[in-house]
There are 2 protein chains.
Amino acid sequence: MKIERTDTGMIDRRVARTRALLQDALITLVPERGYAPITVEDICEKANVGRSTFYTHYAGKEELRSATIDEHLRLLGNRQPSSPLETSDRLFEFSRPMFEHAHALRFLHRALLASSGDTIHDKFRERIRRAVRSELIGRRIDEAGGSLEVAVQFISGAFLAVLAWWIAADTGLSPAQVDALFQQMATRAGGREF
Amino acid sequence: MKIERTDTGMIDRRVARTRALLQDALITLVPERGYAPITVEDICEKANVGRSTFYTHYAGKEELRSATIDEHLRLLGNRQPSSPLETSDRLFEFSRPMFEHAHALRFLHRALLASSGDTIHDKFRERIRRAVRSELIGRRIDEAGGSLEVAVQFISGAFLAVLAWWIAADTGLSPAQVDALFQQMATRAGGREF
DNA sequence: CCGCTTCTGAACACGATGTTCAGCATGATA
DNA sequence: TATCATGCTGAACATCGTGTTCAGAAGCGG
């Protein structure tokens, strides 16, 4: 069976209801056990929706998750670019609204963006974080308000992104070259207290 | 059945052979299809190892991957800390050896570290990357040797790491505060050409 | 060469996926 | 309100991957 739209383009209430129930169920379930171990049946049970019904809406767990995210990201996308005239020359305008939005929907983000459940990645990341942390401690005298941890996350995140990109993309850059570029940015990032 | 060691602590050749075959099979398979869709049976077939044998060595796919990584990371770990006396005050000493190592074993890294196959994360990351890229273009005049892309990866990686940490850890920091810290580091990272 | 360990492949139980369908319930429309 | 098209249901089914078990074959170490 397949879900169509009415001639007028309206969405049947039953369809809207079912989809909302399923998405809510997913969002409720993920924080409890994590995403990976959840089954379609779990979701249906929590949502009080027949399993066969699930498949008339989504091809599987992944598609439900994807649709859920998309629907919420669309809301974020529909913001006016913070007054188009006011072209401040502050860099990285995007960050503030992102932080705001993530904070407002932090439960959703926790449920759907956090925990890829990827053991390997996490192991590797933790390794890097430790290295960065130990290099930062002792260089910075004062660390009020957990800004050390922000710096650790900042630097290690940057490093891993550059590393992953460099390995995957097979640019012509030699290890020494990427490292030089990374070093330059990383060192500057900390400012004078480094 | 369970694999033990001989009294002398030696590893039976058959055991070594089997494990090597399985690890190699995994490394061969991942670049072809990605990690997620690979089944234990696939691995066994590629490795020419009985499926029941697989389970006498590893509890599942994940454990095999974990063991494979660990075994290779151990090789990296056994490096002397680049002459302990030479305590250069160059920051982030860790990065250079990492880049070197990743380059040497780049096929392994591509196979096991790249592509978590996580659709959602990737979508989100790409969104950020685009935002960063568009903010950087136009500000930087000269972009020789793909250093723009390095900057994009650097900044977006840093942003996502900070965001993920902040959402997950529930520190007391307000959106404005995290953003301020992020902005400070990000702006500095680019140096004067920003 | 002997004895012990590992490998093998087939069989089994299990759980989750994804599909199908006949019948029921509900929303849209007039 | 009546009608009818559409969505929901639940049970049944086929399929697939997982993880276990075991008896016999093969290979290793001593």
Calculated FRET efficiency for the pair A:LYS123/A:TYR55, C-beta based, R₀ 30 Å, to 0.05: 0.25
Too-long pairs where the Cα-Cα distance tops 25 Å, listed order kept, from A:LYS61/B:LYS46; A:LYS61/B:LYS61; A:LYS46/A:LYS123; A:LYS46/B:LYS61: A:LYS61/B:LYS46; A:LYS46/A:LYS123; A:LYS46/B:LYS61
Theoretical FRET efficiency, 1/(1+(r/R0)^6), r = Cβ-Cβ of A:ASP170 and B:ASN48, R0 35 Å, to 0.05: 0.70
Per-residue ³J(HN,Hα) for segment B:28-43, Karplus 6.51 cos²θ - 1.76 cosθ + 1.60, θ = phi - 60°, Hz, x for Gly and Pro: 6, 6, 4, x, 6, 10, x, 6, 3, x, 6, 9, 4, 5, 4, 4
Integer Hz, Karplus 6.51/-1.76/1.60 couplings in order for segment A:103-111, x for Gly and Pro: 6, 4, 9, 5, 6, 4, 4, 4, 6
B:ILE3 paired with B:ALA67, simple spin-label distance in nm, labels 7 Å along Cα-to-beta-carbon: 0.4 nm
Segment B:10-60: C-alpha pair distances exceeding 16 Å, %: 34 percent
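Coordinate-derived values only; no laboratory data. If you're wondering where the values come from, they're calculated on a predicted model, not measured in any experiment. We place every Cβ from the backbone using ideal geometry, glycine too, and count neighbours over all the protein chains shown.
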